[in-house]
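One structure, as C-alpha cells, below. Some questions next.
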Protein chains: 4
Amino acid sequence: MIKVGIVGGTGYTGVELLRLLAGHPHVQLVTITSRSEKGVAVADLFPNLRGLVDLEFSEPLIDNLKSCDLVFFATPHGVAQDLVPEVLKAGIKVIDLSADFRLRDIALWEQWYAQTHRAPQLVEQAVYGLPEFNRSAISTANVVACPGCYPTSVQLGLMPLLEAGCIDVSDIIANSASGVSGAGRQASVANLFTEVSDSFKAYAASGHRHQPEIEQGLADIAGGPVGITFVPHLLPINRGIHTTIYANLLEADIDVQALFEQRYQNEPFVDVLPSGSHPQTRSVRGSNYCRIALHRPGNGNKLVILVAEDNLTKGASGQAVQCMNIMQGLDEGTGLASPALMP
Amino acid sequence: MIKVGIVGGTGYTGVELLRLLAGHPHVQLVTITSRSEKGVAVADLFPNLRGLVDLEFSEPLIDNLKSCDLVFFATPHGVAQDLVPEVLKAGIKVIDLSADFRLRDIALWEQWYAQTHRAPQLVEQAVYGLPEFNRSAISTANVVACPGCYPTSVQLGLMPLLEAGCIDVSDIIANSASGVSGAGRQASVANLFTEVSDSFKAYAASGHRHQPEIEQGLADIAGGPVGITFVPHLLPINRGIHTTIYANLLEADIDVQALFEQRYQNEPFVDVLPSGSHPQTRSVRGSNYCRIALHRPGNGNKLVILVAEDNLTKGASGQAVQCMNIMQGLDEGTGLASPALMP
Amino acid sequence: MIKVGIVGGTGYTGVELLRLLAGHPHVQLVTITSRSEKGVAVADLFPNLRGLVDLEFSEPLIDNLKSCDLVFFATPHGVAQDLVPEVLKAGIKVIDLSADFRLRDIALWEQWYAQTHRAPQLVEQAVYGLPEFNRSAISTANVVACPGCYPTSVQLGLMPLLEAGCIDVSDIIANSASGVSGAGRQASVANLFTEVSDSFKAYAASGHRHQPEIEQGLADIAGGPVGITFVPHLLPINRGIHTTIYANLLEADIDVQALFEQRYQNEPFVDVLPSGSHPQTRSVRGSNYCRIALHRPGNGNKLVILVAEDNLTKGASGQAVQCMNIMQGLDEGTGLASPALMP
Amino acid sequence: MIKVGIVGGTGYTGVELLRLLAGHPHVQLVTITSRSEKGVAVADLFPNLRGLVDLEFSEPLIDNLKSCDLVFFATPHGVAQDLVPEVLKAGIKVIDLSADFRLRDIALWEQWYAQTHRAPQLVEQAVYGLPEFNRSAISTANVVACPGCYPTSVQLGLMPLLEAGCIDVSDIIANSASGVSGAGRQASVANLFTEVSDSFKAYAASGHRHQPEIEQGLADIAGGPVGITFVPHLLPINRGIHTTIYANLLEADIDVQALFEQRYQNEPFVDVLPSGSHPQTRSVRGSNYCRIALHRPGNGNKLVILVAEDNLTKGASGQAVQCMNIMQGLDEGTGLASPALMP
C-alpha cells in the first residue's frame, strides 16, 4: 500500500482527492492536514465521507507527513513552496495541485501571483503533470506540478493539431466556461448561490492567471510560440469545464477526426466522440474522462473543438491520482474507473 | 460472475443500474432491452458509459434474457407483470423496480394505477425489497419488489420508532421533497428545465400513489395500522429525496438518538447522524446511503426526523443492487461503496 | 412625492426595495446609506439599476436622512434600534425590515438574538406590518415592524382558520422552505453556490428565530396561544418561500375553500387558488402576491395548506412598500402591480 | 388604447408578451389565440398572470383578430406566413416573432427551415425589427420581422465596429450561450430539467439556423459580406443570452470604449458598461436592456466584446414591444422600464 498524505484538505480539490483515494485499492490515507480545522474529523466537514474516511485534520507539519510515501498539496497558491523542500528532503514524493511549480519563468509567476517565489530551484525539477504529453517524465519525477483545470482542457483540445502542425498557431481562441467549484471553498460574496445561480458571465476577460500556463504548455507541445486568446466564463454548475476552441486549419483536406482518434487511441482518459457530437459536462461529472468533439462549420477551414472535463477530476484531483499511478508504476486508471454521475 | 439483464434500460433507474453494475466485481451485464431504442448502443444514449458499457439495446423478449441469472425490470408501472412470469419460469430471478408487485392489495393497486393487474398470483410471491426490514426473506426470494423512493425514506425514518412502539401511530406527517429524476425520462412540459428550475411546489397533495405503499410498509413494521399524511414536493435538483417526518412521542424521557443508533448500528447503508445534524441530499448524491437526523424542538414531545437519500440509488437502483447482493449471497455492500459526489 | 431613504441598502432586501421604489410613481428616492460602500454608486453594486437609480451610498447618519418623509431600515438585526429613535424624533416615519421591533416580549427577543435590546420603549409603539391583519393600525403608525418572511407565509396560511376557530390550535405543523436570498448577502461558505446548488436540507430544526414571531402572530390572530412546530429548509433557488401547513379540522363538514376565498376576497395580494391547485414559488417570483391552495388528503380532517410567496417581496420589501402605501394613504397596490417573472 | 392581439400565446415568448403588455399603459389586450388551449383561461396556464390578464385562449382565426390594431405572432416557424396575409388585408399591423420574414433570401430560408415558404411576397415588405439599426423603417412598417435572440446580441455587439470599419470582417467569432427558454415550451427529453441542469454543452456547432440571419444582418450593417463563425451553447438558466465576440482590430490606436459609448449614447436599451466590466445575464433578467463590455487582452489587437441580453425580452418579446412603440409613435421605452430582477 502506498502511504499517502494530503496537505490542505479542506477545499474542493481536497475532498475530491479523498473521494477518489478512499476507493483506491493500493492507497492508505495516513495524514490529512489543515491549519484551520486541526482536530476536526474529516467526515464532519464532508459528510459524504462518513464511514469511509476516518482521519482527523492535523497540523501541516513535516512530522505529520514523515510516514508518507507521497504527499498531495491541495493548498492555495504560494503555500506548497514553503513545505515541499522539507518533504522532498524526507524522501517523499510530491504532487502539487496548486500553481506553485507550473511556470518555468519565475518572473512571470511572480507577476501573475503577486508574490515572491520562495523555492525557484524546485521549479526546474518539477515535472508538468499532463500524462498525455509528459507520461515518461512523470514516471520518474519527485515533484509533479499538476496542470490547471483550464490549461488541461485547452492543451488536450489542441495537442493533436499542434503536434501535426496543421493549424495557424498565431491566432487561436479558447472560450472556456467553468463550474463554480473552480473558485474554491472560501467565503465570498461573489460566489454565493444568489450571485451565481440562474446567471452567466465572463470574467478576467482582459487576462487570467492561466494564460501564461496555457501559453507555456502549448509552446512545449508545438515546439514554438503559440498565440492564443483565452476568456473564462462562470457557469452556474458545481463541476465541469467546457472549452470551445477556434483554430484555422492550414489545409482544407485534412481528416481531423482521424487525427484525433489516432492521437488518443491509447489514452485511457481522453475520449474522442463520434463526428457531429457535442460533449456535455455532465457526461464527465465526477469522472476523469476528457471528452472531445470536432466540428467544421460549413466545411470551411475554421475548426471548432469542443472539450469537456470535470474541473475537479481530470482538471485537478483525478489527474493528480493519474500522475500518482504513473509515478508508482500502477495501472494508470487504478481507482479512476467510475462512470460519470448522470443525471 | 452473475449474468445480469436489464429490461427497460432507457430511463434514469436504468442508467443508474448500469452505472452501478458496470463497476460491480461479480456482475456480467449480458442484456439490456428497450423496445424504442433497439439496436442503439447504450453509450450513445448515455455518454457517461462510453468505454465502460459495450451493450446495445435489444428487444424485450424472453429469448434475449434466457442466459441471465437475474433480471432487473426498470420499466414503467404495468409492464413487468407481463414478462416476469416467463422469466421466472425460465429459472431466472427477478428484481422489479416498478410498482407492479409492491402492493399486496390488488384492488388498491388497480385503483391507484388505473389498470387491471395481470399477474396477481405473483404479488403474493414477491418479497418487498427493503433490506433493513426484510433481509432474510429477500435472501431466498425469486421475485423482489423494490420499494418506491419516497416509501424507502419514510420507512427508514420511522422503523426504530414503530418497532419500539414509542410514537402515536395515528397521526404522523411525512413531508417529502424529491429531485426531478423521480419523474422519469419521458418528454413532458411539466418537467422541462424552464418549468422546474428556480422554483418549488407541492404536488399530489390530495393523494399520491406512494401513499398506499407507505401505509402497507409502516403497518408491516408496526404490526398494525398507521395513520400518515404524506405530501410530496418537487425540488429543482437532479437527484435526492429529503423527508421531514413529524411524530408525537408517547413518553418524554426516551433517548431517540440512542434508539436509532442501536437499531441501525449494523446496517451498512443507514447512517444516523450526530445529534443536532441536518442531512443534505448532496451528502448521498450517487451513493446508496440513507442519512438520518433527529430533532426535538423545544425538547417537547414532537419528534422531527430528517431523512436524506438519493432517489435513484437507495431509493431505486442502489437498493436493487443491494437486494441482488443479498439474493446472491454476496457481501451486501459489494459495488456500492463509492462516496457521494460532493460538491 | 414621498421622499424616501433606505438605511442599509447593500443586502438583498435593499436592492429589492430599490427595484420596487424605482418604479413607484409617488416616491422620490433621496438617500441610501451603507457604511461599507460609502461613496460607491448604487448601480455599480447592482447593475440591474443602471440608468434607473442615480444615488450613491452615503454614511448612515441622521443628517443624511433629514430630508426624508419615510425611512426603510434594511439593516441586519440589532442595527435599526440605535438610529430609529433619532429618525422618529426628526418627524420621519420608519419601516423596519429587520427583527428589531417585531417581538413584544423583550426578554424573548434578547434570548433569540443574543444581545441586549437598546430601544425597548419603541417596541411597544411599533405596529406589526401585516396588512391583512393590521391594516388600520399600520395606517396611523410611525414605526412599522415588517414581518419576517417565514412568519408572513405561516400567518397568511392560517389566518382564516384561526379567525374562524375551526382547527385544533394545539398541534400545527409548518414545514417551510426558502430560497437562499433569505440568508442575506454576506460572505459565507455555507451559502456558496457549490454548497447549496443541487442539494436540499432542513436547518435550525431544533428551533429558529422566527418561531417566537410566528407564535406571537398566530396568538394575536387566534386570541390565545397556538402550538406550532416550525421547521425551515433551504432550497436551491434564488427567491421564494413555500410553506406546507398541516392542521386538524375540528369539524369535517366545513368548506375551507369558501372560508379562504371569503376571507381574502378583498385582499389585493392574497390569491386563493382553485381547489386542487399547487402554487409554485415561480408564480410569485418578484411579485408581491401570496398564493394559497388547500387540500384534504382522502377527504379527512387533516387540512394541508400550501402557501407560496417571494421572500424578498411579500416576505420583505414588497410588504414594506405595501405598508408605506397604507401609511401614506395611497392605493395599497401602487408600484406593486407587476406580474411575477415566469419562466 | 392600442388594441392588441397575440397569435400563439402558449409559449415563452407569448407569456413574456403578456407580462409586458399587461403593464403597458397604452395597450388593451383583446385577443390571444391557441389552437391547443382554446377555451382555457390564460391565467390557468400562466398563474403569474392571475388577476392581471383575464382573457381566454381562442381559435387562431381572422375573425377573432379583426378588432385589433396590431397583432403579434408568437408562433413556431412556418405558421405566421399562412395567417399574416389575411391580417394585413384587414388593415392590421403585424409584428412576427418567428423567423418567417427575417431572411430576404427565400431559398436560404427554405433550406434552413426545411419547408416551402408560402408568403415570399411578404418577405420583401417586412422590416427587420432591430430598432438600433432600423428605427426609421420600423416606424412606418406594416410587418415587422423581429430579430432572433442570438442575432440581436451579435449585431448589437458588432454594430459600432462594422459601421466604423475598424475590424477585419473576414474572421469574426461569436461564441454564444443561451438559457433554456430559448428552446421553447414543447415537451421534449432533451430539455428536461434532468438533462440540462448542472451541465453545459455546445449544440449545432456545425451550423445553426441563426447563422444566415446573423450574416444577413451584419452584411446590412457593414455594407458588404462579413465572415463569422457562430457557435451556440446551452446554459442551465431560465433566461439570458451571453455572447462573447472575438474580432481583430485593423488599427491598434482606436478607443473602442469611446466608439461604443458614442454609438449607443441615445439608445434607450443598449448600455455600454465601464471599461473592465463583465455583464452578467442576471443584470438584464426580465428587462429589455442589452449590456455590453469591451476587453483587449494584453492590449493587443484582439478585441473581446461581451454582450448580455434576456433572450425572451430584448431577444424577443421586449424588442417586439419596443418595435410596437415605434410603430405607434409612442415613447420607445413605454412599458419597458422595469429593472431586471436581481437576485
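Among residues other than residue D:12 whose Cβ falls under 13 Å from its Cβ, what is the net charge (Lys/Arg +1, Asp/Glu -1)?
Result for the local shell: +1.
In nm, to one decimal, how far is the modelled label at residue B:331 from the one at residue A:301, with both set 7 Å along Cα→Cβ?
The modelled label-to-label distance comes out at 6.1 nm.
Another question, then. Counting Lys and Arg as +1 and Asp and Glu as -1, what is the net charge of the other residues whose Cβ lies under 12 Å from the Cβ of residue D:133?
On the way: positive: D:135, D:263; negative: D:132, D:163, D:220, D:267.
Counting the neighbours of residue D:133, the net charge comes to -2.
Would you calculate the separation in nanometres between label points at residue C:104 and residue B:110, each defined as 7 Å from the Cα along the Cα-to-beta-carbon direction?
Going from the residue C:104 label point to the residue B:110 one covers 6.0 nm.
What number, rounded to the nearest 500 deg cm²/dmol, is the helix-based mean residue ellipticity at 222 nm of chain C, given -39500 (n - 2.57) per DSSP H run of at least four residues and division by all its residues? Walk me through the intermediate numbers first.
On the way: 11 runs with 99 residues, N = 343.
Taken over chain C, the calculation gives -8000 deg cm²/dmol.
Under 14 Å from the Cβ of residue B:105, count the other residues' Cβ atoms, weight Lys and Arg +1, Asp and Glu -1, and hand me the total.
Details: positive: B:102, B:104, B:209; negative: B:100, B:110, B:124, B:213, B:215, B:220.
Spelling it out: positives minus negatives among the neighbours equals -3.
Sticking with this structure for a sec: Based on the Cβ-Cβ distance from residue D:63 to residue D:257, what FRET efficiency comes out when R0 is 51 Å, to the nearest 0.05?
0.40
Then there's this: With a 10 Å Cβ neighbour count serving as the proxy for reagent exposure, in which order, fewest first, do A:104, C:50 appear?
A:104, C:50
Taking the 0 to 90 degree range and rounding to the nearest ten, how far is the long axis of helix B:210-222 tilted relative to the main principal axis of chain B, both from C-alpha atoms?
Compared with the principal axis, the helix lies near 60 degrees.
Quick check: Cα centre of region A:1-22 to Cα centre of region D:246-316, how many Å?
For region A:1-22 versus region D:246-316, the Cα centre distance is 43 Å.
Further question on the same structure: For the protein assembly as shown, treating each Cα as an identical point scatterer without solvent, what Debye log10 I(q)/I(0) comes out at q = 0.07 1/Å?
-0.77
Arrange the following residues from fewest to most other Cβ atoms within 10 Å of their Cβ: B:203, B:12, A:264.
B:203, A:264, B:12
Distances from residue A:274 to the same residue in each other copy, label points 7 Å out along Cα→Cβ, in nm, shortest first?
Label-point separations across copies, in nm and ascending: 4.6, 5.2, 5.3.
So, one more: For region D:106-200, with equal point scatterers placed on the C-alpha atoms only and solvent neglected, what are the log10 I(q)/I(0) values from the Debye formula at q = 0.13 1/Å, to two decimals?
Rounded to two decimals, the profile gives -0.73.
Could you tell me the distance between the Cα centroids of region B:88-156 and region D:214-241, to the nearest Å?
If we compute the Cα centre of each part, the gap is 54 Å.
Tell me, rounded to the nearest percent, the portion of alpha carbon pairs in region C:149-313 spaced more than 26 Å apart. Mind dumping the intermediate values first?
Working: 3507 of 13530 pairs.
Pairs farther apart than 26 Å: 26 percent.
Next question, about the same structure. Taking a label point 7 Å out from Cα toward Cβ, give me the nm distances from residue B:329 to the same spot in the other copies, shortest first, one decimal.
3.9, 9.0, 9.3
Using Cα pairs under 8 angstrom and six or more residues apart, how large is the relative contact order of region C:179-231, in percent?
31
Which distances in nm, rounded to one decimal and ordered from shortest, link the label point of residue D:91 to the equivalent label points in the other identical copies, with labels set 7 Å from Cα toward Cβ?
Spelled out, the distances from residue D:91's label point are 5.9, 8.7, 10.0 nm.
Only counting other Cβ atoms within 10 Å, I'd like D:292, A:2 sorted with the fewest neighbours first. Walk me through the numbers before you get to the answer.
Numbers: D:292 26, A:2 19.
With the sparsest Cβ surroundings first, the list reads A:2, D:292.
Here is a follow-up. Find the relative contact order for chain B and round it to a whole percent, using C-alpha pairs within less than 8 Å whose residues are 6+ positions apart. Intermediate values should be presented prior to the final figure.
Working: 747 pairs, mean separation 59.2, N = 343.
Computed over chain B, the figure is 17 percent.
Oh, and also: How would you classify region D:1-43 from its alpha-carbon gyration tensor, with a ≥ b ≥ c the square roots of the eigenvalues: rounded for a/c under 1.5, else prolate if a/b is greater than b/c, otherwise oblate? Before the final figure, lay out the partial values.
Values: a/c = 2.24, a/b = 1.64, b/c = 1.36.
Prolate, because a/c is 1.5 or more and a/b exceeds b/c.
For the cross-link pairs C:38/C:66; D:93/D:314; D:3/D:38; C:302/D:38; C:201/C:314; A:201/C:3, which exceed 29 Å when the distance is taken from alpha carbon to alpha carbon?
Numbers: C:38/C:66 18 Å; D:93/D:314 20 Å; D:3/D:38 20 Å; C:302/D:38 37 Å; C:201/C:314 24 Å; A:201/C:3 36 Å.
Table pairs above 29 Å Cα-Cα are C:302/D:38; A:201/C:3.
May I ask you to work out the translational diffusion coefficient for chain C at 10 °C, viscosity 1.306 mPa s, via Stokes-Einstein with Rh from the Kirkwood sum over Cα pairs, reported in whole µm²/s? Intermediate values should be presented prior to the final figure.
On the way: Rh = 20.4 Å.
Taking Rh from Cα pairs, D becomes 78 µm²/s.
Go from 0 up to the bin containing the longest alpha carbon distance in region B:169-224, width 10 Å each, and give me the % of pairs per bin.
It works out to 16, 43, 26, 14, 1, in whole percents.
Pairing the Cα long axis of helix B:149-164 with the longest principal axis of chain B, what angle in degrees results, from 0 to 90 and rounded to the nearest 10?
Value to nearest ten degrees: 40.
What is the angle, in °, between the Cα long axis of helix D:12-22 and the longest principal axis of the Cα atoms in chain D? Nearest 10 is fine, range 0 to 90.
The angle comes out near 70 degrees.
OK, next. Once you have a ≥ b ≥ c as the square roots of the Cα gyration tensor eigenvalues for region A:2-125, tell me rounded if a/c is under 1.5, and otherwise prolate or oblate according to whether a/b is larger than b/c.
On the way: a/c = 2.09, a/b = 1.72, b/c = 1.22.
Because a/c hits 1.5 or more and a/b exceeds b/c, region A:2-125 counts as prolate.
For the pair residue C:219 and residue B:118, what calculated FRET efficiency results from E = 1/(1 + (r/R0)^6), where r is the Cβ-Cβ distance and R0 = 56 Å, to the nearest 0.05?
Values: r = 57 Å, r/R0 = 1.01.
With R0 = 56 Å, the Cβ-Cβ based efficiency is 0.50.
Each reported figure results from applying straightforward, stated rules to the coordinates on display, with no laboratory input. Being a predicted model, the structure only gives us computed values, none of them experimental. FYI the Cβ positions are ideal-geometry reconstructions off the backbone, even for glycines, and counts take in every protein chain you see.
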